[in-house]
Amino acid sequence: MLRWLKGRGAAASAVAQMQARITPELWRDVLQAYPFLATLGAAEAEQLQARAAWLLASKTMNGARGQMLSDFMRLSIAAQAALPILNLSPTLYEGWDEIIVYPEGFSIPRTHQDDAGVVHEYDEEAAGEAWEGGPVILSWADTLPGDTAFNVIIHEFAHKLDLSSGDADGIPDLSAHPGLSPRTWHGILSSSLDQFTIALDTIEAAIPGDIDPESEAAAPWYSQLPLDPYAATDEAEFFAVSSEHFFVDPAPLALALPDWYELLRAYYRQDPLARAADRGPHSPEAPAEQPGHS
């Protein structure tokens, strides 16, 4: 109980029990449902299952607004959330204890003070949210596979990694990476964000005046960018959106921002671009029994 109250990870025995409940059929269904998971090699898939079991044993996952959660839903969320820490310590996800799943998008109360000092209150529609020291909130409808690199699960858990170092500033905890200094990270982050912002400005200037840049009609222009335009919001969103693209559709990111891709590769200790090129999609078998986590 004390471990849960402190937001600590589950004991190895609890993780092993959770992993034993993951049937080979269910694990295959999850891997096959998401193309970027289907490129994992057998050893990586085995490690991902262990990380997903750790997450399921360590966090409560609750439905909101009448959402019922099936075993497939729970495992698919856990597997995608575990992908960023495939080769990192699960302790980076400690300090909080709940994942809340809505059936669709939800509203978040916001306040904003303008330059005149007037405070405005409004509701913002969202597909996900990661609270500092609190839950991760997800819209199930927005977790389903699509034809873009959008991935709200990886996005929100990247925010959790960002927050593991204290501030939401696009710089995660680098203490386990002696070859990566915060100064180097900040330099590459800033220059890459500047480069992306310039590319976004160029694209927006090219959109004809009779087309609403906020409408679907503008999609062909924005599709030329290596990242979703939301990445230009600030450093924290740039890291989170980049993490989505890094794992789901890495080629445009690696081509347009090679230094930033290499920094993410070094941090996550994964190379999704090489993974896809070397192995291609396949359907690894789930191991019958695995230890808790390493």
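The values are calculated or read from the model by the stated rules, or taken from the named source; none is laboratory data. Because the structure is a prediction, the values reported are computed rather than measured. Neighbour counts run over all protein chains shown; Cβ positions are idealised from the backbone, glycine included. The accessibility values were calculated without ligands, DNA or RNA, using every heavy atom of the protein model including side chains. Shrake-Rupley method; radii C 1.70, N 1.55, O 1.52, S 1.80 Å.
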Starting from the residue with the highest accessible area, list 18, 61 in decreasing order, probe 1.4 Å. 18, 61
Protein chains only, probe 1.4 Å: how do 162, 212, 259, 271 rank by accessible area, largest first? 259, 212, 271, 162
Heads up, I need the accessible area for residue 269: 1.4 angstrom probe, whole protein in place, Å², nearest 10. 110
With N set to the residue count of the chain, report its C-alpha Rg divided by 2.2 N^0.38 Å to two decimal places. 1.02
If exposed means GluC sites (Glu not before Pro) lying in a DSSP loop and surrounded by at most 14 other beta carbons within 10 Å, then the longest stretch of the chain lacking such sites spans residues 1-103
Give me the base-10 log of I(q)/I(0) for the range 120-201 at each q in 0.18 Å⁻¹, Debye formula, one uniform scatterer per Cα, rounded to two decimals. -1.01
In whole Å, how far is the Cα centre of the range 169-243 from that of the range 86-104? 24
Please identify, among 58, 243, 223, the residue showing maximal mean-square fluctuation in a Gaussian network model of the chain using a 10 angstrom Cα cutoff. 223
Tilt relative to the chain, helix 24-33 - C-alpha long axis, 0 to 90 degrees, to 10: 10
Any chance you could list the semi-axes, whole Å, largest first, of the equivalent ellipsoid that the Cα gyration tensor gives for the range 221-275, using √(5λ)? 17, 13, 9
Please give the calculated 222 nm ellipticity per residue for the chain, where each DSSP H segment of at least 4 residues contributes -39500 (n - 2.57) and the sum is spread over every residue; nearest 500 deg cm²/dmol? -14000 deg cm²/dmol
Determine the principal axes of the Cα atoms in the range 168-279, then give the extent along each, sorted from largest to smallest and rounded to whole angstroms. 51, 34, 18
Between residue 102 and residues 5 or more places away or on another chain, which pairs have amide H atoms under 5 Å apart, with H built 1.01 Å from N, and which residues are they? 64, 138, 139, 140
Mind computing the radius of gyration and Dmax over the alpha-carbon atoms of the range 22-89? Å is fine for both. 11.9, 38
Would you report the distance distribution of C-alpha pairs in the range 14-159 as whole percents per 10 angstrom bin, up to the bin with the largest distance? 11, 40, 33, 11, 5, 1
